[in-house]
Amino acid sequence: MIGIISDTHDNLEAVEDAIEILNNKGVTAVLHAGDLVSPFMARAFSKLEPELYMVFGNNEGDKITIKSWFEVFGATIYGNFASLEIENRKIALLHGTNEKIIDSLAKSGNFDLVVRGHTHEPSIKQISGTLVINPGECCGVLSGKRTLAFWDPDTNEAEIIEF
């Protein structure tokens, strides 16, 4: 099971709650689709037990410090885009500010999963046979709902939860 999170926006309380859920769910990896915002969030994410893979969003502040602080506890920071393989599944990870890029990645046939954030709207959809997941916002600032997503690479099934 893979955990998916995005748009944490410096909400330390929401991140701590999300990490507790992710750790208790027993996920093997967590994908963060950007808009972490500040380096100080590293302290909370250092308590995450599974591997963390993260890209930057459009609101990241000090990217150099974020990268160095997160790498201390083993997180992998890719910059603005990641093409990675987890459990023999090809994944595109990006913040998703451009809908045409999301659509093109899904239609390319190169990925089993496209993970994106940015809109703060949780969604799970298929585009040309590729699963596209937006976990919504962890911070709960715009919608008033804190959400996370989970994806099972074996069954290709996903769910979004509110916490």
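Quick notes on this structure:
- Exclusive hit being in contact with a Cys (Cβ under 8 Å, 6 or more places away or on another chain), closer than 20 Å to Arg116 by Cβ and surrounded by 15 or more Cβ atoms within 10 Å (Cβ to Cβ), set His32, His9: His9
- Residues of the range 53-67 satisfying the condition of being surrounded by 15 or more Cβ atoms within 10 Å (Cβ to Cβ) and among the hydrophobic types (A, V, I, L, M, F, W, C): Met54, Val55, Phe56, Ile66
- Residue satisfying condition, being more than 22 Å from Asp152 (Cα to Cα) and either assigned to a loop (DSSP other than H, G, I, E, B) or in contact (Cβ under 8 Å) with a residue 60 or more places away in the chain (or both), within set Asp7, Asp17, Asp35: Asp35
- Qualifying residue in the range 43-52 (condition: in contact with a strand residue (DSSP E or B) (Cβ under 8 Å, 6 or more places away or on another chain) and surrounded by fewer than 19 Cβ atoms within 10 Å (Cβ to Cβ)): yes
- Against the conditions (1) surrounded by fewer than 15 Cβ atoms within 10 Å (Cβ to Cβ); (2) assigned to a loop (DSSP other than H, G, I, E, B); (3) touching a helix residue (DSSP H, G or I) at 6+ places or on another chain (Cβ under 9 Å), Gln126 satisfies every one except (2).
- The residue that is surrounded by the most Cβ atoms within 10 Å (Cβ to Cβ), among those in the range 129-141 that are touching a residue at least 40 places away in the same chain (Cβ under 8 Å) and in a loop (DSSP other than H, G, I, E, B), is Pro135.
- Selection status of Thr65, part of a helix (DSSP H, G or I) and either hydroxyl-bearing (Ser, Thr, Tyr) or on the phi > 0 side of the Ramachandran plot (or both): yes
- Search result, residues across the range 68-80 that are surrounded by fewer than 14 Cβ atoms within 10 Å (Cβ to Cβ) and outside any helix (DSSP H, G or I): Phe73, Gly74, Gly79
- Answer residue from the range 87-123, given it is more than 14 Å from Pro153 (Cβ to Cβ) and polar (S, T, N, Q) and is surrounded by the most Cβ atoms within 10 Å (Cβ to Cβ) among those: Thr119
- Pairs, first of a type in the set (Lys, Arg) in the range 49-69, second buried (at least 19 other Cβ atoms within 10 Å of the Cβ), C-beta under 8 Å, six or more apart: Lys63/Phe56; Lys67/Ile77
- The residue pairs whose first member lies in the range 111-124 and is more than 20 Å from Asn11 (Cβ to Cβ) and touching a residue at least 24 places away in the same chain (Cβ under 8 Å), whose second member is part of a strand (DSSP E or B) and of a type in the set (Gly, Ala, Ser), and whose beta carbons are closer than 6 Å, counting only pairs six or more residues apart or on different chains, are Phe111/Ala92; Ile124/Ala158.
- Residue selected from the range 97-119 under the condition touching a Gly at 6+ places or on another chain (Cβ under 6 Å) and not in a helix (DSSP H, G or I), by the criterion farthest from Gly140 (Cα to Cα): Arg116
Read the figures in this text as sums done on the coordinates, not as results from a lab. No experiment lies behind these values; they were computed from the predicted model shown. Every residue, glycine as well, gets a Cβ built from its backbone with ideal geometry; the counts of neighbours run over all protein chains shown.
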